[in-house]
Amino acid sequence: MFDDTEYRKAMDVVVTRFQEEMKKVRTGRAHPDMLMSVKVEAYGQFMPLNQVANITVSGGTMLQVTPFDPSTIQSIASAIRNDASLGLNPTDDGHVVRVPIPPLTEERRKEIVKNASSKVEEAKVAIRNVREDARKELKTAELPEDTKKKAEKLVDDLTKTYTDKIDTLFKDKSKEIMEI
């Protein structure tokens, strides 16, 4: 009999990675995950922002970044400012970095949805690659022909289920982005 657990796990990993990518997408509300992609030069190397500072939401439209080491405050502010994909302009008072989250324009919301849709396609391609791996295994497997056909149908159904999950996640995220 064909064991699909390996392929289910691989597809689960793709969906989980897609969910993590969607968390990073800006929706107009302040969220600490917005700054996940920021790398700060500290102690002679580039480090993720969450390893050099604490990120909290202040008032719904402001992120507050509190560095663990006050000497890194300038590099934190400039790293956030230099990340063009964010389009944010932080200010610092010597103790904390405040990052106001400006409201999104309709045009910017549509652009964000369009950029997020490229992540959808990447995730679907990854799921189709897992499907192809399963099909290759089935072709070389010593199984009766009717069992192979049932297994192929199972793999196709799995693929459909997981691509539908990605579509649902994206639809929910798009609705959240377009909400004012």
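The values are calculated or read from the model by the stated rules, or taken from the named source; none is laboratory data. Keep in mind that what you see is a predicted model, and the values were worked out from it rather than measured. Every residue, glycine among them, receives a Cβ derived from its backbone with ideal geometry; neighbour counts consider all protein chains shown. Each accessible area value is taken on the protein alone, full model and side chains, heavy atoms only, with ligands, DNA and RNA left out. Shrake-Rupley method; radii C 1.70, N 1.55, O 1.52, S 1.80 Å.
For this structure, a couple of remarks:
- With the simple model of a label 7 Å out from the Cα in the direction of the Cβ, residue 168 to residue 133 spans 2.4 nm.
- Here the chain exposes an accessible surface that is 52 percent carbon and sulfur, computed with a 1.4 Å probe and the other protein chains kept in place.
- In the elastic network of the chain, a GNM with C-alpha springs shorter than 10 Å, the most mobile of 83, 146, 167 is 146.
- For region 65-169: relative contact order, % (alpha-carbon pairs under 8 angstrom, 6 or more apart): 19 percent
- Once C-alpha pairs closer than 8 Å and six or more residues apart are averaged by separation and normalised to the residue number of region 1-146, the relative contact order reads 23 percent.
- Model label zone, residue 74; criterion: amide N under 20 Å from point 7 Å along Cα-to-beta-carbon; scope region 27-49: 39-47, 49
- Here the gap between residue 146 and residue 93, fully extended at 0.36 nm per residue and compared with their Cα-Cα distance, gives a gain of 12.1 nm.
- Per-residue extension of 0.36 nm, minus the Cα-Cα distance of residue 20 and residue 33, leaves a gain of 3.8 nm for this segment.
- Here region 131-180 and region 40-59 have alpha carbon centers that stand 38 Å from each other.
- Computed over region 1-66: relative contact order in percent, which uses C-alpha pairs under 8 Å that are six or more apart: 22 percent
- Distance-filtered residues of region 75-99 - backbone nitrogen under 11 Å, label point 7 angstrom along residue 107 Cα→Cβ: none
- Estimated FRET transfer efficiency when R0 is 25 angstrom, pair residue 179-residue 121 (beta carbons, to 0.05): 0.60
- Stokes-Einstein diffusion for region 60-180 at 37 °C, viscosity 0.692 mPa s, with a Kirkwood radius from C-alpha pairs, works out to 178 µm²/s.
- The charge dipole of the chain, taken about its Cα centre with unit charges on the Cβ atoms of Lys, Arg (+1), Asp and Glu (-1) only, comes to about 380 debye.
- Calculated [θ] (222 nm, deg cm²/dmol) that DSSP helices of n ≥ 4 give over the chain, each run adding -39,500 (n - 2.57): -19500 deg cm²/dmol
- Note on the chain: with a GNM built from Cα contacts shorter than 10 Å, the maximum mean-square fluctuation among 34, 11, 47 falls on 47.
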